[in-house]
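In what follows, a structure is listed as structure tokens, so that the remarks can point back to it.
The values are calculated or read from the model by the stated rules, or taken from the named source; none is laboratory data. If you're wondering where the values come from, they're calculated on a predicted model, not measured in any experiment. Every residue, glycine among them, receives a Cβ derived from its backbone with ideal geometry; neighbour counts consider all protein chains shown.
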Amino acid sequence: MTISQILFIVMSLVVLGGGVMVVTARNLFHAALFLILSFFGVVGLYLLLDAGFFAAAQFLVYIGAISILIIFAVMLTRGVQLAQPANSQWPAALVISVIVFVIMAIMLGPIAITIGQRQFGDVSWPNVTAGQPAPAVADDSLVRLGQSFVDFNQYGAAFLLTAVLILVAMVGAIWVARDRTLKDVMEERAELAAEEAQEAMLAGLVQQPLPLGEAQSAESPAVPAAHH
Amino acid sequence: MLNGIPLYWFLLISAALFCIGLYGALARKNAIAILMGVELMLNAVNINLLAFWRYIAPNSAGGLAFAAFIFVIAAAEAAIGLALMISVYRNTQSVDPDKLDSLKL
């Protein structure tokens with residue numbers, strides 16, 4: 001067994017063990033901490049895959065930013081975190097997850113299984129031969145990644161769109177989470193309802209006493225007044 | 001770094017992580033825990049993308065670019081989702097998705 005294999009198994013145990021604890025921990029704060037542990041395992045897997053940039057990005061984005069966001073959310077919604085961890089449909093959810101995993105394992109695993117006419121498993125991926133090491137990564141792979149982001153024949157447009165997505169998400173998150181209580185909402189609704197009632201009253205006043213032809217000519221001055 | 005690790009090891013690990021996240025998203029009684037499940041699923045997707053990049057096309061930037069896009073989407077999703085949960089908690093004092101049924105008839 002090579003060192004890489006041992007490292008892979010250790011990292012996989014960290015990832016999967018952390019993941020299982022995330023979905024089963026009673027205390028939501030503990031679940032958030034196990035989520036960080038699972039992210040650390042994923043960092044190790046990225047390093048094994050020679051994706052150093054993504055290991056660093058995972059470290060900064062997931063462990064540094066997203067888990068802090070999640071911990072903040074857990075702290076801000078205190079008092080509900082010790083509730084019952086699973087809802088009433090958890091056995092069905094477990095069965096569905098296991099079935100999905102079994103299907104994916106059959107499709108992706110190393111054992112060829114023939115069901116009816118079709119063969120599943122032991123897929124022959126292009127450029128992958130069993131027992132042979134994967135080809136080396138080009139030294140300038142990060143340079144190529146950066147160039148593909150600014151080249152409009154590759155991912156330039158998608159890169160700009162993700163910038164727009166980030167901007168929209170930022171503005172949206174600020175708007176959604178702004179300090180606005182139920183009382184404010186009710187007051188706003190009451191104001192709106194009062195305005196609508198006033199408009200309806202004005203429209204009724206204009207339309208009822210006048211004949212049809214005059215009502216249409218009288219509508220145009222009445223509309224801007226109704227907005228106030 | 002990949003001495004003796006076949007591609008399907010990565011695929012099976014990421015499938016298992018995806019299904020753990022799926023169970024979390026389906027079965028948890030707390031909306032923030034559901035978001036954690038979704039994060040696990042996004043991580044599984046990213047492991048898959050980078051594994052395929054490494055084994056099948058290590059000379060193209062495509063796999064790395066898609067993994068980077070998934071990172072961006074995950075960050076945006078976490079920000080929006082947690083902002084929603086905080087807003088919901090402010091208005092209802094609860095983050096139980098079973099109780100958020102005011103749109104039901």
How many residues are in a helix (DSSP H, G or I) and at the interface with chain A (Cβ under 7 Å from one of its Cβ atoms) if we restrict to region B:22-34? 7
I need the full set of residues from region A:1-29 which are among the small types (Gly, Ala, Ser) and either outside the structural domain of residue A:74 (by TED's automatic domain parsing) or in contact with a Leu (Cβ under 7 Å, 6 or more places away or on another chain) (or both), in order please. A:4, A:18, A:19
Is it the case that residue A:193 is part of a helix (DSSP H, G or I), at pLDDT 75 or above and surrounded by 10 or more Cβ atoms within 10 Å (Cβ to Cβ)? yes
Within region A:30-81, can you find the residues that are farther than 24 Å from residue B:52 by Cβ, touching a Leu at 6+ places or on another chain (Cβ under 7 Å) and outside any helix (DSSP H, G or I)? A:81
Checklist (1) at pLDDT 80 or above; (2) over 30 Å from residue B:86 (Cβ atoms); (3) more than 9 Å from every other protein chain (Cβ to nearest Cβ); (4) outside any loop (DSSP other than H, G, I, E, B) applied to residue A:111, failing item: (4)
Test: residue B:50 is within 8 Å of chain A (Cβ to nearest Cβ), part of a helix (DSSP H, G or I) and closer than 26 Å to residue A:89 by Cα: no
Is it the case that residue B:79 is within 7 Å of chain A (Cβ to nearest Cβ), outside any loop (DSSP other than H, G, I, E, B) and closer than 30 Å to residue A:6 by Cα? no
Pick from region A:114-129 the residues that are within 26 Å of residue A:54 (Cα to Cα) and more than 30 Å from the chain's Cα centre (by Cα): which of them is surrounded by the fewest Cβ atoms within 10 Å (Cβ to Cβ)? A:126
Can you work out which of the residues in region A:63-93 that are at pLDDT 90 or above and in contact with a Phe, Trp or Tyr (Cβ under 6 Å, 6 or more places away or on another chain) is farthest from residue B:15 (Cα to Cα)? A:63
I'd like to know if region A:141-150 contains one or more residues that are more than 20 Å from residue B:25 (Cβ to Cβ), of a type outside the set (Gly, Ala, Ser) and touching a residue at least 24 places away in the same chain (Cβ under 8 Å). yes
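Quick grid of which residues meet (1) of a type in the set (D, E, K, R); (2) surrounded by fewer than 19 Cβ atoms within 10 Å (Cβ to Cβ):
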site: B:30; (1), (2): no, no
site: B:35; (1), (2): no, no
site: B:40; (1), (2): no, no
site: B:62; (1), (2): no, yes
site: B:79; (1), (2): no, no
site: B:93; (1), (2): no, yes
site: B:96; (1), (2): yes, yes
For region A:167-175, indicate whether the set of residues that are over 23 Å from the mean Cα position of the chain (by Cα) and either within 8 Å of chain B (Cβ to nearest Cβ) or surrounded by 15 or more Cβ atoms within 10 Å (Cβ to Cβ) (or both) is non-empty. no
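Quick one: which of B:38, B:72, B:95 is at pLDDT below 90 and either under 23 Å from residue A:34 (Cβ atoms) or assigned to a helix (DSSP H, G or I) (or both)?
B:95
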Output the residues belonging to region B:53-76 that are within 7 Å of another protein chain (Cβ to nearest Cβ) and of a type outside the set (A, V, I, L, M). B:54, B:55, B:58, B:59, B:69, B:71
